[in-house]
Amino acid sequence: MFRFLTRNWLNYDILKVFRAEFGGIDSVKKTTLETKVLHHDLLMRLEDSLFSLGFAVDVNSLGAQSSLDATREQFADTAYLRAKGWCALEDFDRIYEITKNFNNLIGFVRRSSVEQAAGKDPLRARLKDLDIAGKSNTKEFKDVQAQLREVERLTKKELDWSKLPEELFDGIRCWIDTLARHRLNLRIVPFERYPELQLIANLKRGCFVDDDLDHLLYGYGAQPNIQLSTYP
């Protein structure tokens with residue numbers, strides 16, 4: 001279909017690129033990495049052919065026009081797009097797992113802040129000092145105990161109030177199971193002038209050289225200071 005497919009690209013000694021780099025790892029991991037690198041190289045050749053045949057355009061090179069519609073019109077009929085910009089990685093499997101422990105996580109954060117604001121640690125420390133001093137039967141000890149119980153009551157009330165209904169998380173998981181199971185989206189904003197203009201791509205998790213996407217998600221962050229690019 002495309003001219004590059006007629007080349008005997010296997011004659012290129014691509015394996016030299018990673019023979020030294022992948023030394024010392026087990027054979028299964030090495031084979032997997034080599035396969036992915038070769039696939040990525042093939043995709044780069046495919047991209048070059050799409051551009052040379054006029055089937056693809058670089059969105060950023062077209063530039064933002066005077067209006068959103070005019071900007072979108074430049075590539076509305078193009079089959080393949082290449083872009084760079086501010087990105088969001090939407091990992092629905094990760095969202096699915098987060099819903100299982102969200103309330104517990106919120107509870108931990110809220111408990112820490114509420115107990116600190118209520119002075120729970122100083123109350124515990126005072127009870128310990130009084131007990132060591134043999135004053136566990138004094139009025140002061142009982143007063144501090146009562147204060148500590150009140151803090152516990154307020155903490156539990158605050159935690160119960162801050163929890164979201166589990167039915168909400170059941171609904172989110174049902175929605176993901178039905179419509180977006182194992183979906184990994186890349187959402188990109190190529191022009192800061194038009195943040196509502198977004199390109200979205202469905203990524204294949206198994207095609208990443210590093211299967212643990214948490215490294216990428218943590219590294220890029222929710223509020224990144226660099227743009228992601230599809231350029232090599």
Worksheet, complete the sentence: Short to long, in 10 Å steps from zero, the percent of alpha-carbon pairs of segment 38-111 per bin is 15, 26, 23, 16, 17, 3, 0
Practice prompt. Mind giving me the FRET efficiency for THR178 and GLN227? R0 is 30 Å, r the Cβ-Cβ distance, nearest 0.05 is fine.
Written response: 0.35
Worksheet entry | Of the chymotrypsin sites (Phe, Trp or Tyr not before Pro) in segment 190-228, those whose Cβ has at most 15 other Cβ within 10 Å and which sit in DSSP loop | PHE208
Discussion item. What would the Debye equation give as log₁₀ I(q)/I(0) for segment 101-166 at q = 0.29 Å⁻¹, counting only Cα atoms as equal point scatterers?
Written reply: -1.16
Worksheet, complete the sentence: If R0 = 45 Å, then TYR218 and GLU140, at their Cβ-Cβ distance, give a FRET efficiency to the nearest 0.05 of 0.40
Worksheet item: Using the 10 angstrom Cβ neighbour count as an exposure proxy, how do CYS87, CYS174 rank, fewest first?
Response: CYS174, CYS87
Response to the item:
Residues other than ALA64 with Cβ under 13 Å of its Cβ, Lys/Arg counted +1 and Asp/Glu -1, net out at -2
Fill in: Residues in segment 69-106 that a label on GLU196 would reach, taking backbone N under 20 Å of a point 7 Å out along Cα→Cβ
69-77, 86-88
Worksheet, complete the sentence: Across all Cα atoms of segment 88-224, Rg and the largest Cα-Cα distance (Dmax), in Å, are 23.7, 71
Worksheet item: How much FRET efficiency would the formula 1/(1 + (r/R0)^6) give for LYS100 and ALA79, where r is the Cβ-Cβ distance and R0 is 41 Å, rounded to 0.05?
Response: 0.55
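Read-outs: derived from the displayed coordinates by stated rules, not from any lab. For clarity, every value in this text was computed on a predicted model and none was experimentally measured. Backbone-built Cβ (ideal geometry, glycine too); neighbour counts: all protein chains shown.
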